[in-house]
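Q: Right, I'll just put the structure down here and ask away after.
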Amino acid sequence: MVRKQAHARTALIISGGAPNATLVAGALVAFHELGLRFDVMSTAGAGALLGLMYCAPKNGDPVSTLAGLKEMGIADPLYDALPVNFKVFNKPGIMADLYCRALGLNPFIQKLMDWPATDPLGQLVKDSTELMLASACPSDLTGQSLGLCAHVPFAEKIIDFAAIPAILPEFYVNAFNLRTRQMENFSKAQLSPRHLQAALSFPFLYPPTALGDGLYIEGAALDCLNFAGLLQRHPQLEEIVLFDLLGADRLLRAPRDLYDAWVMSILTPLIEIARDDLKIFEAEHLGKYPALKRPYRVPLIEDIPAAELPDVFDWSRSNLERLFDIGYESAAQSARRDLLHLRG
């Protein structure tokens with residue numbers, strides 16, 4: 001039974017889409033600096049991680065936490081030679097976990113991880129060392145494994161899970177329960193590291209997450225925008241602002257190599273799902289809520305220059321920095337033009 005809450009009037013939706021997550025990180029920084037406030041935040045996939053970094057950063061500073069996502073990028077010369085993000089996609093298994101824990105106890109390794117390499121040479125040295133450490137990591141991956149990678153390793157380092165129940169907006173994260181065949185929404189009162197792991201368990205990349213009696217995969221794999229779950233709980237919403245990372249056909253392109261073809265095979269159906277979610281909402285749900293305006297879609301994807309679109313899903317350092325800046329400028333311009341009435 002879904003409990004309805006009638007007091008909320010404004011909502012921010014953050015869709016899934018990990019490779020271009022710094023686009024939304026920059027946009028959230030712009031909203032923060034302009035003082036925009038929302039009664040509800042509804043998230044899916046990587047949007048959950050971004051939303052929690054914004055609302056409950058471990059260090060108390062959402063700006064530096066969100067800007068820190070640029071550190072996930074790989075130094076450009078290294079990424080050109082090996083286009084894989086070994087910082088985000090870690091090897092799975094008990095041996096890999098023990099190896100990573102041992103590295104965490106090594107003071108030299110910790111100094112390396114904490115080194116704020118700001119120049120290209122320093123970034124290349126740091127990332128090359130991290131690649132060697134990642135390559136040496138053992139793995140239990142076999143043909144019987146349920147996912148390629150270990151779950152996101154850094155969430156508890158950047159998110160204050162103890163603070164989440166007290167954050168000001170209502171907060172939701174969707175995940176699909178394979179045992180009940182239903183989409184579920186975790187509220188801020190429920191959210192734990194395990195719940196976030198369930199919401200980020202994208203099929204094939206990560207194994208499903210067991211939680212209570214359920215077995216969960218990432219909700220964004222089936223519903224990138226989560227309109228229905230939001231409106232069931234908050235039928236009196238009047239305004240929805242949307243950060244949609246995937247729902248634009250200009251993201252579709254021919255692959256550059258075999259690895260890129262695999263990446264596009266994952267993203268192509270997600271792009272279409274996100275587009276369909278918006279169409280279905282406008283056709284079937286919008287008329288049911290007379291107080292609700294048509295969702296305001298911040299034009300993050302549209303503001304990426306055409307010449308840079310082929311690189312938009314790259315994990316290179318330069319691309320993540322570029323997307324952060326584009327997201328910041330796009331959101332700042334949109335907010336100053338249309339959203340200043342949402343200032344708290």
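The values are calculated or read from the model by the stated rules, or taken from the named source; none is laboratory data. Please read these numbers as outputs of a predicted model, since none were measured by experiment. So basically every Cβ, Gly included, is an ideal-geometry build from the backbone, and we count neighbours across all protein chains shown. SASA here: full protein model, heavy atoms, side chains in, ligands and nucleic acids out. Shrake-Rupley method; radii C 1.70, N 1.55, O 1.52, S 1.80 Å.
Q: With N residues in region 172-325, what two-decimal value do you get for its Cα radius of gyration over 2.2 N^0.38 Å?
A: Values: Rg = 17.0 Å, N = 154, 2.2 N^0.38 = 14.9 Å.
This ratio for region 172-325 stands at 1.14.
Q: Okay, moving on. Taking the simple approach of a point 7 Å from Cα along Cα-to-Cβ for both L252 and L121, what is their distance in nm?
A: Each label point lies 7 Å from its Cα, and together they span 4.6 nm.
Q: In whole Hz, what ³J(HN,Hα) sequence does region 217-229 give by Karplus (6.51, -1.76, 1.60; θ = phi - 60°), x for Gly and Pro?
A: 10, 4, x, 5, 5, 10, 9, 6, 10, 6, 5, 4, x
Q: Using protein chains only and a probe of 1.4 angstrom, how many square angstrom of W115 are accessible, to the nearest 10?
A: Ignoring ligands and nucleic acids, W115 comes out at about 100 Å².
Q: How would you order 71-82, 130-141 from highest to lowest mean count of nearby Cβ atoms within 10 Å?
A: Result, highest mean Cβ count within 10 Å first: 71-82, 130-141.
Q: What residue among P83, P107, P193 has the largest mean-square fluctuation in a Gaussian network model of the chain, using Cα springs under 10 Å?
A: Top of the fluctuation ranking is P107.
Q: Turning to a different aspect of this structure: What angle do you read, to the nearest 10 degrees and between 0 and 90, between the alpha-carbon axis of helix 317-334 and the longest principal axis of the chain?
A: The helix 317-334 is inclined about 20 degrees to the chain.
Q: Given 0.36 nm per residue, what is the gain on full extension from Q232 to L105 after removing their alpha carbon distance, in nm? All intermediate terms of the calculation are to be shown ahead of the outcome.
A: Numbers: separation 127, 0.36 × 127 = 45.72 nm, distance 4.67 nm.
Answer, rounded to one decimal: 41.1 nm.
Q: Something else now. Pull up all non-local amide H partners of L12: gap of 5 or more, or a different chain, and H-to-H distance under 5 Å with H placed in the peptide plane.
A: Counting only residues 5 or more places away or on other chains, the set is V40, M41, S42, V241.
Q: Now for a separate question. Rank C100, C224, C55 by accessible area, highest first, at a 1.4 Å probe radius?
A: Working: C100 65, C224 0, C55 30 Å².
Ranked from most to least accessible, the order is C100, C55, C224.
Q: May I ask you to give the solvent-accessible area per residue for the chain, in square angstrom, as obtained with a 1.4 angstrom probe?
A: Details: 15580 Å² over 344 residues.
Accessible area per residue: 45 Å².
Q: Could you work out the pair-distance distribution P(r) of the chain from its alpha-carbon pairs, with 10 angstrom bin width and percents rounded to whole numbers?
A: Histogramming the chain at 10 Å steps yields 5, 25, 36, 24, 8, 1 percent.
Q: Another question, then. What does the C-alpha gyration tensor say about the overall shape of region 10-154? Classify as rounded when a/c is under 1.5, otherwise prolate if a/b is larger than b/c, or oblate. If you can, show how the numbers build up before the last one.
A: Values: a/c = 2.01, a/b = 1.50, b/c = 1.34.
Prolate, since a/c reaches 1.5 and a/b exceeds b/c.
Q: Suppose every K and R has +1 on its Cβ and every D and E has -1 on its Cβ; what is the size of the dipole of the chain about the Cα centre, in Debye to the nearest 20? Numbers along the way, then the final one.
A: Working: 31 positive and 39 negative charges, 192 e Å.
Dipole size: approximately 920 debye.
Q: Something else now. Between the helical axis of 21-34 and the dominant principal axis of the chain, each derived from Cα atoms, what acute angle in degrees is found, rounded to the nearest 10?
A: With both axes taken from Cα atoms, the answer is about 50 degrees.
Q: Per residue of region 264-270, what does 6.51 cos²θ - 1.76 cosθ + 1.60 with θ = phi - 60° give for ³J(HN,Hα)? Whole Hz please, x for Gly and Pro, Karplus curve as stated.
A: For region 264-270, the Karplus curve yields 5, 5, 7, 7, 4, x, 5 Hz.
Q: GNM, the chain, Cα, under 10 Å: largest mean-square fluctuation among E302, E33, E218?
A: Among E302, E33, E218, the largest GNM mean-square fluctuation belongs to E33.
Q: Can you run phi through the Karplus equation (6.51, -1.76, 1.60; θ = phi - 60°) for region 144-151 and list ³J(HN,Hα) in whole Hz, with x for Gly and Pro?
A: These are the phi-based 3J(HN,Hα) values: 8, 5, 9, x, 6, 10, 6, 5 Hz.
Q: Near K70, which lysines are there with a Cα under 23 Å away, not counting those fewer than 8 places off in the same chain?
A: Filter leaves K58, K87, K91, K111, K126, K157.
Q: Here's another thing I want to ask about it. First check a/c for region 143-258, with a ≥ b ≥ c the square roots of the eigenvalues of its C-alpha gyration tensor; if it is under 1.5, answer rounded, and if not, answer prolate when a/b is larger than b/c or oblate otherwise. Walk me through the numbers before you get to the answer.
A: Details: a/c = 1.59, a/b = 1.15, b/c = 1.38.
Oblate shape, in that a/c is at least 1.5 and b/c is the bigger or equal ratio.
Q: I want to make sure I understand the PRE zone here: with the label point 7 angstrom from the Cα of R336 toward its beta carbon, which residues in region 277-321 have backbone N atoms less than 20 Å away?
A: 297-305, by backbone N distance to the label point.
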